[in-house]
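Bear in mind these aren't lab numbers, they're just calculated from the coordinates by the rules spelled out. All values derive from a computational prediction rather than experimental measurement. Cβ: placed from backbone, ideal geometry, glycine included. Neighbour counts: every protein chain shown.
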């Protein structure tokens, strides 16, 4: 890292290939309810649809899980913020005194800051990964709870084929099982207790 000239903070951070922007936890992805489709058409006998994303977004347990995930992510974000602000202050202080340092001092102090920024960025990336892993596990758990309800609705609607509603471009949605599954899930459970998943172990080099 060559920082032999006096650099603004943004340039110093850019030189390290990192960002000291505040951490924003990954947002829990939710699918909006499907809008009325103008294509319409006649119902296709035996063809049914289901949106897993809508089940997650509209069910009580899905909404509760999203709120808890957001709360857990915010707690971790606040912890990272306590590291970011002092580090940002040190970068600014380095920028202000860089012209008074020897080349060796600039290299030594600059490299130390770079390592700390890299460590911070790794933690930011790790938090995002943990949030995504946790969300995936939650959706799997809700999916397992919903599966018997899907099977029951599938039978009662005399389905012969079940499609992912989110991948359907248009057509008659009479045999959409999503609302039935959401109602059944709401009657079955409303909350899940969980913590953020740990980060995957880093392979030994």
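Order of 183, 84 from fewest to most other C-beta atoms within 10 Å?
In order of increasing Cβ crowding within 10 Å: 183, 84.
What FRET efficiency would be calculated for the residue pair residue 89, residue 126, taking the C-beta separation as r and a Förster radius of 35 Å, to the nearest 0.05? Given R0 = 35 Å and the Cβ-Cβ separation, E is 0.90.
Applying 1/(1 + (r/R0)^6) with R0 = 30 Å to the Cβ-Cβ distance of residue 67 and residue 133 gives a FRET efficiency near 0.95. Taken along the Cα-to-beta-carbon direction at a fixed 7 Å, the label points for residue 103 and residue 169 span 6.3 nm. With the simple spin-label model, which puts each label point 7 Å out from Cα in the Cβ direction, the residue 152 to residue 196 separation comes to 3.7 nm.
The mean sequence separation of alpha-carbon pairs under 8 Å and at least six residues apart, normalised by the residue count of region 41-188, gives a relative contact order of 60 percent. Just to check, using Stokes-Einstein with a Kirkwood Rh over alpha carbon pairs, what's the diffusion coefficient of region 41-188 at 20 °C and 1.002 mPa s in µm²/s? Estimated via Stokes-Einstein, D reaches 110 µm²/s. Working from label points 7 Å from Cα in the Cα-to-Cβ sense, the residue 112 to residue 82 distance is 2.3 nm.
If you rank 163, 113 by fewest surrounding Cβ atoms within 10 Å, what's the result?
Numbers: 163 17, 113 20.
Arranged by neighbour count, lowest to highest, 163, 113 become 163, 113.
The spacing between region 36-93 and region 167-193, judged by their C-alpha centroids, is 18 Å.
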